[in-house]
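Worksheet for the structure shown next.
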Amino acid sequence: MADRSGGRTNASLFERAERVIPGGVNSPVRAFRSVGGAPYFVARGSGPYVWDVEGRQYIDYVQSWGASIVGHPLVIEAVQRAASAGTTFGAPTEGEVRLAEEICARVEGCEMVRLVSSGTETTMSAIRLARGVTGRDRVVVFEGCYHGHSDGLLAGGGSGLATLGLPASAGVPRSAVADTVVVPYNVVPPLDDSVACVIVEPVAANMGLVPPVPGFLEGLRDGCSAAGALLIFDEVITGFRLASGGAAQVYGVQPDLWCFGKVIGGGLPLAAVVGRRDILELTVPGRAADGRSVYMSGTLNGNAIAAAAGLATLDVIAEENAPARLVEIGSALARGFEDCAYRLSVPLQMMGPPAFADPVFGDGEIYDYRSYAATNRAAAKQFGIELLKRDIFVHPASKIYISTAHNYHQVEVACNAAYEAMRAIRDRGLLE
Ligand code: PMP
């Protein structure tokens, strides 16, 4: 292939990036330091493929960490049309109303939508709403789930069964996580009248795609209702990917609030706090009985281009019956990887719905953070590195995202690469 890099290489760009951007990247997962490499710089994408600045083509199984569901360049016509009318106005636009209507139409139980700009903002805002509604401070989170990088949710667990949160990052004061209780996933914790809300990833996408055991989500629903606490589903990853109504539809459990992001922004910065009318309306100044509304705002909330991209994405999802298509292609990929593992006697578990998957090495049952962390993480990392060497764009030791642009051809190519990759990690002695 002709060299279209104009002399730019991944290495030279990374070197420049490291001089002006901490670690050379704008989000830590993009750096390959932890796995001993440098990131590739993407020049463009088309359908299921991306090309780096050196002109190398990869099958893209990152899909912007799930933000892209229809392949590249996503819904470009809608974006161009919206952009040609202006980018941002600081006044409401029709697109925001239409997007909110579409979300309400698709998600059963969803009555109102407040648009924000990132997953972090939606969970942060949902927690504030829950505290405002209940007048309580305590928030229950599950070890291994991730809800963005707001201070109160950057809490790690201690070694006990249920612990008060410990700051999971430098710069997070103890006071910020003093009311964050960290408990093991898949166990319904005791809840009392100090608890404002329980926030959970209904499928724990940030730790090996651990599914909820039967009774877990139902138990949380009952426990929250009994304690007068709110149940929040963080569906930033699962929303509109697992099913058009998200995990709530699949598992038949309705939370009081949902957090959506990624897919509903169509690849642009947009997310939403969604849920019951009586709760969402508390954000309207003067609406609460005691006059104390819950403050939420944002200069770019409901941005015209992002709303247009989100709307167009929801249209494509419906037209292409995306969740079913993702399951079809994802299942083929999972079966293919499992077959490679069987032939090589490699202990592989393909975790996931399988509209997205997490290849995990180890035989043990995986049901919470500790059982996930006990799997062979070194093998998972090296597996990703080996796939990358074979032009499969994945993030080492992380999830594989499918888009509607992927087909059986890419499955076949990926499975051939996976066979070689597994053989390589076995030969390196990483599976002993
Ligand atoms: N919730 C979940 C479940 C997530 O996976 C993420 C990010 N991957 C977030 C919230 C935060 O979203 P963002 O990165 O857009 O702030």
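The values are calculated or read from the model by the stated rules, or taken from the named source; none is laboratory data. No experiment lies behind these values; they were computed from the predicted model shown. Every residue, glycine as well, gets a Cβ built from its backbone with ideal geometry; the counts of neighbours run over all protein chains shown. Keep in mind that these areas ignore ligands, DNA and RNA; they rest on the heavy atoms of the full protein, side chains included. Shrake-Rupley method; radii C 1.70, N 1.55, O 1.52, S 1.80 Å.
The residues in the range 60-96 that are under 26 Å from Met112 (Cβ atoms), within 16 Å of the ligand (Cβ to nearest atom) and of a type in the set (A, V, I, L, M, F, W, C) can be counted, and the count is 2. Does Ala312 qualify as being buried (at least 20 other Cβ atoms within 10 Å of the Cβ) and not polar (S, T, N, Q)? Here the answer is yes, as Ala312 does meet what is asked. If I filter the range 332-344 for residues that are closer than 20 Å to Thr238 by Cβ, open to solvent by less than 10 Å² (accessible area, probe 1.4 Å), in contact (Cβ under 8 Å) with a residue 12 or more places away in the chain and not basic (Lys, Arg), do I get at least one hit? Yes, some residue in the range 332-344 is closer than 20 Å to Thr238 by Cβ, open to solvent by less than 10 Å² (accessible area, probe 1.4 Å), in contact (Cβ under 8 Å) with a residue 12 or more places away in the chain and not basic (Lys, Arg). Filtering the range 317-331 to residues that are crowded, with 20+ Cβ neighbours inside 10 Å and more than 19 Å from His409 (Cβ to Cβ) leaves Ile317, Pro323. Restricting attention to the range 118-137, the residues that are surrounded by fewer than 21 Cβ atoms within 10 Å (Cβ to Cβ) and in contact with a strand residue (DSSP E or B) (Cβ under 7 Å, 6 or more places away or on another chain) add up to 5.
Met351 satisfies every condition listed in (1) under 26 Å from Arg131 (Cα atoms); (2) touching a residue at least 24 places away in the same chain (Cβ under 8 Å) except (1).
Out of the residues in the range 103-148 that are of a type in the set (Gly, Ala, Ser) and assigned to a helix (DSSP H, G or I), state the one that is nearest to the ligand (Cβ to nearest atom). This residue is Gly119. Under the condition of being open to solvent by 10 Å² or more (accessible area, probe 1.4 Å) and more than 19 Å from Met124 (Cα to Cα), which residue from the range 250-267 is nearest to the ligand (Cβ to nearest atom)? So, considering only residues that are open to solvent by 10 Å² or more (accessible area, probe 1.4 Å) and more than 19 Å from Met124 (Cα to Cα), the one nearest to the ligand (Cβ to nearest atom) is Gly267. Restricting Ala247, Ala289, Ala227 to residues that are assigned by TED's automatic domain parsing to the domain that holds Asp193 and surrounded by 24 or more Cβ atoms within 10 Å (Cβ to Cβ) narrows the list to Ala247.
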